[in-house]
Amino acid sequence: MSRIGKLPITVPSGVTVDVNANNVVTVKGPKGEMKQAVDPAITLKQEDGKIELVRATEQKRHRAMHGLYRAILNNMVEGVSAGFKKEQELIGVGYRAEAKGQMLELNLGYSHTIMFEIPAEVKVETKTEKGKAPMIILNSHDKQLIGQVAAKIRSLRKPEPYKGKGIRFVGEIVRRKAGKSAGK
């Protein structure tokens, strides 16, 4: 049996989970609302604040879907109750970020500024402190969407291996290369 799929999902107070006839799960909480269609081979059982997922057969596809949908539904419950946060830092001389509503203005050493539009479900803020690298902070209830937006921002200037300049996640370790040898 799937190790992840057999774990029950605990539903915190303030979060409601509804399953309709077409196997569409709706999760509502203080941070927002999310919907997800679940494969018909997976059935959901709700009992006293816990949700269990049960698969129809032991086919390889059903075993894969069992763990997948359990992880997706758990992320939905966690997202609408607590939310998710991603932090990125800009390493490089003159690199700047400024949030203007849902637009993110980035100066990343190119000849032009980059205007990046953030989806409505994701809240963005920037922090610039003297002596520290500028930071971009993303908050959302949708784990998949916030990860996708953070990856797209990072792809605008990936950290390079010689000096480590670029956009990186807080705590990310960039492997450095030695570069040219100085003397012969």
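The values are calculated or read from the model by the stated rules, or taken from the named source; none is laboratory data. Nothing here was measured: the structure is a model prediction, and the numbers come from that model. Cβ atoms come from the backbone with ideal geometry, glycine included; neighbour counts cover every protein chain shown. Please note that ligands, DNA and RNA were not included when accessible areas were found on the heavy atoms of the full protein model with its side chains. Shrake-Rupley method; radii C 1.70, N 1.55, O 1.52, S 1.80 Å.
Restricting to DSSP loop positions (anything but H, G, I, E, B) with no more than 11 other Cβ atoms inside 10 Å of their own Cβ, which GluC sites (Glu not before Pro) remain in segment 124-180? Mind dumping the intermediate values first?
On the way: sites: E125, E129, E172; in loops: E129, E172.
Those that pass, being in a loop and sparsely packed, are E129, E172.
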Over the chain, what is the relative contact order in percent, taking alpha-carbon pairs closer than 8 angstrom and at least six residues apart? 17
Stretched out fully, how many nm does the piece from K123 to V54 gain, at 0.36 nm a residue minus the Cα gap? 21.3 nm
Once the whole set of protein chains is in place, how much accessible area is left on F169, using a 1.4 Å probe, in Å² to the nearest 10? 60
Along segment 44-58, what does the Karplus equation 6.51 cos²θ - 1.76 cosθ + 1.60 (θ = phi - 60°) give for ³J(HN,Hα), rounded to whole Hz, x for Gly and Pro? 10, 10, 9, 9, 5, x, 10, 10, 10, 9, 10, 9, 6, 9, 9
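What value, in deg cm²/dmol to 500, does the helix sum -39500 (n - 2.57) over DSSP H runs of n ≥ 4 give at 222 nm once divided by the residues of the chain? Intermediate values should be presented prior to the final figure.
Values: 2 runs with 35 residues, N = 184.
Computed ellipticity for the chain at 222 nm equals -6500 deg cm²/dmol.
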In whole angstrom, how far apart do the alpha carbon centroids of segment 1-63 and segment 87-132 sit? 37
So, over other residues within a Cβ distance under 9 Å of F84, counting Lys, Arg +1 and Asp, Glu -1, the net charge is +1
Taking θ = phi - 60°, what integer Hz values does the Karplus form 6.51 cos²θ - 1.76 cosθ + 1.60 yield along segment 7-13, in sequence order, with x for Gly and Pro? 6, x, 9, 8, 9, x, 5
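What FRET efficiency do you get for K35 and A178 if R0 is 45 Å and r is their Cβ-Cβ distance, rounded to the nearest 0.05? Display every interim value, and only then the final one.
Values: r = 51 Å, r/R0 = 1.13.
Calculated transfer efficiency: 0.30.
Do any GluC sites (Glu not before Pro) in segment 1-110 lie in a DSSP loop with no more than 16 other beta carbon atoms within 10 Å, and if so, which?
Values: sites: E33, E47, E52, E58, E78, E87, E89, E98, E105; in loops: E58.
Counting only loop positions with at most 16 other Cβ atoms within 10 Å, the GluC sites (Glu not before Pro) in segment 1-110 are E58.
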Solvent exposure, largest accessible area first (probe 1.4 Å, DNA, RNA and ligands not counted), of H141, H66: H141, H66
Per the 1.4 Å probe, what fraction of the accessible area of the chain, in percent, lies on carbon and sulfur atoms? 51
Using the Karplus curve 6.51 cos²θ - 1.76 cosθ + 1.60 with θ = phi - 60°, work out ³J(HN,Hα) for each residue of segment 143-156 in order, rounded to whole Hz, and write x for Gly and Pro. 5, 5, 5, 5, x, 5, 5, 5, 5, 5, 5, 4, 5, 5
Under a 1.4 Å probe, what is the accessible area of segment 6-94 per residue, stated in Å²? 57
Treating the angle as unsigned and between 0 and 90°, give the value, to the nearest 10°, between the Cα long axis of helix 60-81 and the longest Cα principal axis of the chain. 70
Where does each of 155-163, 18-26 land if you order them by average Cβ count within 10 Å, highest first? 155-163, 18-26
